[in-house]
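Before any comments, here is the structure.
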Amino acid sequence: MTEDRSPRMDEGSGPVDPELPVVRLCVAGMQAEAEGRADAARTLFQQAWDSAADDYEACVAAHYLARHQNSPEETLRWNQECLDRADRVGDERVAGFYASLYLNVAHAWRQLGRPALARTYFERAAERVGQAPDGQYGDWNRFAIAAGLRETAGARDGSAADEAGAEGAPRSLDETVDGRVRALVSRWCARGDLMALGLALPAYLGYLGTDADRVRLRSALHMVHAARRLPADEQTELGAVVGSAALR
């Protein structure tokens, strides 16, 4: 069975009606997941799919079925089914789903060895992440999308863009700056510098290449630098990163 790294629709993704029979079946399936009863969970999610009365309910059920497939191909099929059903719904009930739906399709394409096409869907997810609710669910999506963009940097090509129809790719952090920030973060992790990590990591992990992201990252790193709590060599290196053209 393929590893699932996606957030669940119960984790703050939107106005899911808990009284819908399909939702009740999915809640029971999630409980089975939490108890380690994977077969029972899949059976409940399949029942939810079989009983779905419209595209909205089918979208919810397909999301959970995608988590319990035995091959990357089937995982992609169900994630695409979920996305297609959301497109058919096309209203505010699914608006908060899209960042996660595109993210799941991107992960599936990566598992199938198609990093360029995966990046196209990571880019689409980045374009919709602002519609995800605030809080841990939204943070998880932002962090996972940013990681996907970093991991597929340079993979995007014209054929993948044509196949997926994506427009306006968000930018990844400059490769040199990214490496320098990673090196600093590694040193802070090694000695347990929680203050530096607490300030820098949310802005770094959630960097999607917008002007607001760049300002947020630069401000976070500047705060660490201004505290003057780092060893001299790190203080100098961080100052150089904050002053780099990529963060201006």
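Selection of first residues in segment 18-37 that are without any contact (Cβ under 8 Å) to a residue 60 or more places away in the chain and of second residues that are part of a loop (DSSP other than H, G, I, E, B) and loosely packed, with under 13 Cβ neighbours inside 10 Å, restricted to Cβ pairs under 8 Å at least 6 apart or on distinct chains, gives the following pairs, ordered by first then second residue: Val22/Ala53; Val23/Asp17; Arg24/Pro18; Val27/Pro18.
Residue-wise test of (1) in a loop (DSSP other than H, G, I, E, B); (2) farther than 24 Å from Thr120 by Cα; (3) among the basic types (Lys, Arg); (4) modelled with pLDDT under 95.
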{"position": "Glu33", "(1), (2), (3), (4)": "no, yes, no, yes"}
{"position": "Leu44", "(1), (2), (3), (4)": "no, yes, no, no"}
{"position": "Asp50", "(1), (2), (3), (4)": "no, yes, no, no"}
{"position": "Gln69", "(1), (2), (3), (4)": "yes, no, no, yes"}
{"position": "Thr75", "(1), (2), (3), (4)": "no, no, no, no"}
{"position": "Trp78", "(1), (2), (3), (4)": "no, no, no, no"}
{"position": "Leu83", "(1), (2), (3), (4)": "no, no, no, no"}
{"position": "Arg88", "(1), (2), (3), (4)": "no, no, yes, no"}
{"position": "Val94", "(1), (2), (3), (4)": "no, no, no, yes"}
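The residues of segment 189-203 that are part of a helix (DSSP H, G or I) and either in contact (Cβ under 8 Å) with a residue 24 or more places away in the chain or exposed (fewer than 13 other Cβ atoms within 10 Å of the Cβ) (or both), listed by number, are Ala190, Arg191, Leu194, Met195, Ala196, Gly198, Leu199, Ala200, Pro202. Using the structure shown, decide if Ala232 is touching a residue at least 12 places away in the same chain (Cβ under 8 Å) and small (Gly, Ala, Ser). So Ala232 fails the test. Among the residues of segment 15-24, is any in the same structural domain as Asp134 (by TED's automatic domain parsing), within 19 Å of Gly130 (Cα to Cα) and surrounded by fewer than 16 Cβ atoms within 10 Å (Cβ to Cβ)? So far as segment 15-24 goes, no, none of its residues is in the same structural domain as Asp134 (by TED's automatic domain parsing), within 19 Å of Gly130 (Cα to Cα) and surrounded by fewer than 16 Cβ atoms within 10 Å (Cβ to Cβ).
The values are calculated or read from the model by the stated rules, or taken from the named source; none is laboratory data. What you see is a predicted model; the values in this text were computed from it and never measured. Quick reminder, even Gly has a Cβ in these numbers, built from the backbone with ideal geometry, and neighbours come from all protein chains shown.
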